[in-house]
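See structure below.
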Amino acid sequence: MMGSSCTNSSVNGFYNFLNQGLSDLHHSFLSHNFMSIQFLSQVISSLQSFHSHLTVLVRKLRLPVGGKWLDEYMDESSRLWDSCHVLKSAISGMENYYNAASNIASSLDGYHYLSPEHSRQVIRAINVCQREIVGLEEENKSLLETRIQALSQCLNQNICMESKLNGFSGFRGVLYAMRSVSSLLLMILLCGLAYCWSSSCFHHHGGEHVVLGSGFMVSMAILKQKVAEEIEQPGILMFELQQAKAAMEEVKLELERGMGGGGGGGEIQEKVENMKSCFGLLRCGVENLTGQLDDFFDDIVECRKKLLDMCTQR
């Protein structure tokens, strides 16, 4: 009985851990701009934390060596690995965009008046840069169209038999919970960093009806609803990217006004400085997110190795 009590405590503890993590994400979502880098960073941190905690739980449950539980865990960790590679591939394309934008801003430094010829050159460069980000969104859209089915396959699963959820000392239920939560978090990251079709991305998640003895499904549903309510248009939803795009468009409009006889003075420099600031934040944020994904890759490899070693040593 003591062993069973310990197992139940460990499993319930994991559900509570998921619930608290999702609650924290909900508060973070409310306190930051929609799809801000700060929020997306916390989503990645939560995903990594949930996965690490899952590995710790396995060691507590003392699962049988060579059991099917290991295959199921390996499948889930592989799905996380593949999803994060899609994310990294998507955001790596932003590098050319913010580098080109930085060069444009540098070419305008110190100018309070630009000749029509110089203005036309800069406008052409901005047009190229704007086409680049449109192209990146289309590439990301195509990437997701070819990969999203495999990444979200678990959303269509319908496990509701208590015997299945209690399999492997409750580990199967835990793994199903982890799969449901990670699918939601990955969808948020994909919408923020890669491409979002519409709020309908969040209307097809299944699984919330499954009762796992925890309130984490409620927290998951609340977060999903809040994100869906904020989605207004398709594309890459990252807040800092939208700010950078708007700042570049303002510079372009100011240059066009200048060529038409309007604008001038320090107005162009003010807008150029804003553009430099926005793209600096975008660059820093993307680099930090890339670093987080790399750390998560390392963590997945380490966790898989620990569980394999644990089975070998037994």
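What follows draws every value from the coordinates through simple rules; no lab data is involved. The shown structure was predicted, so the numbers you read here are calculated from the model rather than taken from an experiment. With ideal geometry, Cβ positions are generated from the backbone for all residues, glycine too; neighbour counts draw on all protein chains shown.
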Q: Determine, yes or no, whether VAL43 is without any contact (Cβ under 8 Å) to a residue 12 or more places away in the chain and either among the aliphatic types (A, V, I, L, M) or at positive phi (or both).
A: no
**Q.** Close pairs (7 angstrom Cβ cut-off, 6 or more residues apart or separate chains): touching a residue at least 40 places away in the same chain (Cβ under 8 Å) in region 98-124, aliphatic (A, V, I, L, M) and outside any helix (DSSP H, G or I) anywhere
**A.** VAL122/LEU108
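Got a number for residues in region 288-312 being over 16 Å from LEU87 (Cα atoms) and among the polar types (S, T, N, Q)?
Taking region 288-312 and keeping what is over 16 Å from LEU87 (Cα atoms), we get 299, 301-312.
Of the ones still in play, those that are also among the polar types (S, T, N, Q) are 312.
The number of residues fulfilling the criteria is 1.
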Q: Please work out which one of (1) more than 24 Å from the chain's Cα centre (by Cα); (2) on the phi < 0 side of the Ramachandran plot is the condition CYS84 fails and give its number.
A: (1)
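Here is a check on your reading of the model: is SER83 polar (S, T, N, Q), out of contact with any strand residue (DSSP E or B) (no Cβ under 8 Å at 6 or more places or on another chain), closer than 22 Å to MET220 by Cα and in contact (Cβ under 8 Å) with a residue 40 or more places away in the chain?
Working: polar (S, T, N, Q): yes; out of contact with any strand residue (DSSP E or B) (no Cβ under 8 Å at 6 or more places or on another chain): yes; closer than 22 Å to MET220 by Cα: yes; in contact (Cβ under 8 Å) with a residue 40 or more places away in the chain: yes.
Answer is yes for this residue.
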